[in-house]
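Since the structure comes first, as structure tokens, the remarks are kept for the end.
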Amino acid sequence: MEGPSDHEALNQPRCGRAGGRSSHEGSLRTRDDCNTNAPLRVAFLSVHFVIMGCGRVGSALAHSLEDAGHTVAIIDHDREAFRRLGANFKGRAVTGVGFDRDTLIEASIESAQAFAAVSNGDNSNIIAARVARETFGVANVVARIYDPGRAEIYERLGIPTVATVRWTADRVLRRLLPGGSQTEFRDSTGNIRLVEVHLDPAWVGQRALSIQERTKAHLAYLTRLGSGFLADEKTIIQEGDLVHVLAAETDLQRVEEILALPPVAQK
């Protein structure tokens, strides 16, 4: 497939507003570099997403996906909710119940790459996610859940969830009680965790990879001044760094205990 001419490339919309023909089946598009605004000749696949719930989260998701060059259909039972999308939204707004088969078909669920259920009802979100996966074969689904206990159950059943209350409470506790670790991700079996760990201040100035050597956990990445990055042999831990490690559930307490002590005090 031939790339765009110089004139076409220079007139592509900037930073994610991709040009080119779109379809629910997916299409290749070109876009400008968001850092330099220079035209990129790298194509990417535009696909279709379906969102249930046009609240603040759903409308923000819809705009983010559309800005990235994808097609979006958003479902809500309240027609007035679509006012949150504004006049610039080019996707499809479907009024109806998000787990109704006909409503999902109207939103082109049969050609969707992914489905997100982010309404304010736990039951509706889970039912809709299951219908999207089990009836229409959408492999990539996620449901927002307010009840943290139910969220864990559905995670174990293979329905990825975002537990709003648990996530918010965890983040607040992390700032109030900086010791120990804070779970950021847990696999569906509960055996593996991605955690943000607290380090004793004496770790500042140490090689970042020494965390792996001493704990046998995997150093996933560091966050410094709000930006995440991967550590290498030359990376030194600085004051204020947030450290994220992957560890087995059974090893987590040992990892926390090691990192809570100064490295020179360990044998």
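The values are calculated or read from the model by the stated rules, or taken from the named source; none is laboratory data. Here the structure is a predicted model, which means the values were calculated and not measured. All Cβ positions, even for glycine, are placed from backbone atoms using ideal geometry, and neighbour counts span all protein chains on display.
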Task: Top-ranked residue of segment 76-90 - restricted to ones that are in contact with a Ser or Thr (Cβ under 6 Å, 6 or more places away or on another chain) and in contact (Cβ under 8 Å) with a residue 24 or more places away in the chain, ranked as nearest to ASN140 (Cα to Cα) - done: LEU85
Task: Any chance ALA132 is buried (at least 18 other Cβ atoms within 10 Å of the Cβ), of a type outside the set (Ser, Thr, Tyr) and in a strand (DSSP E or B) - done: no
TODO: Would you confirm whether any residue within segment 55-66 is modelled with pLDDT of 50 or more, buried (at least 16 other Cβ atoms within 10 Å of the Cβ) and of a type in the set (D, E, K, R)?
DONE: yes
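Looking only at segment 81-139, which residues are aromatic (Phe, Trp, Tyr) and touching a helix residue (DSSP H, G or I) at 6+ places or on another chain (Cβ under 6 Å)?
As a first pass, look at segment 81-139 and keep what is aromatic (Phe, Trp, Tyr): 82, 89, 99, 115, 136.
Across segment 81-139, the qualifying residues are PHE99, PHE115, PHE136.
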- [ ] Within segment 191-207, identify whether any single residue is small (Gly, Ala, Ser) and surrounded by 14 or more Cβ atoms within 10 Å (Cβ to Cβ), and answer yes or no.
- [x] no
Task: Hits in segment 179-200 (condition: in a loop (DSSP other than H, G, I, E, B) and either hydrophobic (A, V, I, L, M, F, W, C) or within 16 Å of GLN253 (Cα to Cα) (or both)) - done: GLY179, GLY180, GLY190, ASN191, HIS198, LEU199, ASP200
- [ ] Restrict the check to segment 221-241 and report whether at least one residue is of a type outside the set (Ser, Thr, Tyr) and under 16 Å from THR183 (Cβ atoms).
- [x] no
- [ ] Spot the failing condition for ALA117; the list is (1) under 17 Å from the mean Cα position of the chain (by Cα); (2) surrounded by fewer than 19 Cβ atoms within 10 Å (Cβ to Cβ), and only one is missed.
- [x] (2)
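Is it true that ALA93 is touching a residue at least 12 places away in the same chain (Cβ under 8 Å) and over 18 Å from the mean Cα position of the chain (by Cα)?
On the way: touching a residue at least 12 places away in the same chain (Cβ under 8 Å): yes; over 18 Å from the mean Cα position of the chain (by Cα): yes.
So ALA93 passes the test.
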Open item on the list: Condition (residue is buried (at least 21 other Cβ atoms within 10 Å of the Cβ), farther than 20 Å from VAL47 by Cβ and of a type in the set (D, E, K, R)) applied to segment 137-148: is it met by at least one residue?
Closed with: yes
Task: Residue in segment 201-230 that is farthest from the chain's Cα centre (by Cα), counting only those that are under 20 Å from ALA248 (Cβ atoms) and basic (Lys, Arg) - done: ARG214
Task: Selection within segment 108-162 - in contact with a Lys or Arg (Cβ under 8 Å, 6 or more places away or on another chain) and over 13 Å from GLY53 (Cα atoms) - done: SER108, VAL131, THR135, ALA139, VAL141, PRO148, ALA151, GLU155, ILE159, THR161, VAL162
TODO: For segment 50-74, name all the residues that are in contact with a helix residue (DSSP H, G or I) (Cβ under 6 Å, 6 or more places away or on another chain) and of a type in the set (A, V, I, L, M, F, W, C).
DONE: VAL50, ILE51, MET52, CYS54, VAL72, ILE74
- [ ] Scan segment 208-218 and give yes if some residue there is part of a loop (DSSP other than H, G, I, E, B), at pLDDT below 90 and aliphatic (A, V, I, L, M), otherwise no.
- [x] no
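What's the total number of residues in segment 67-116 that are of a type in the set (A, V, I, L, M) and assigned to a helix (DSSP H, G or I)? Reasoning before the result, please.
Here is the first cut: in segment 67-116, the residues of a type in the set (A, V, I, L, M) are 68, 72-75, 81, 85, 87, 93-94, 97, 104-105, 107, 109, 112, 114, 116.
Subsequent filtering for residues that are assigned to a helix (DSSP H, G or I) retains 81, 85, 104-105, 109.
The qualifying residues number 5.
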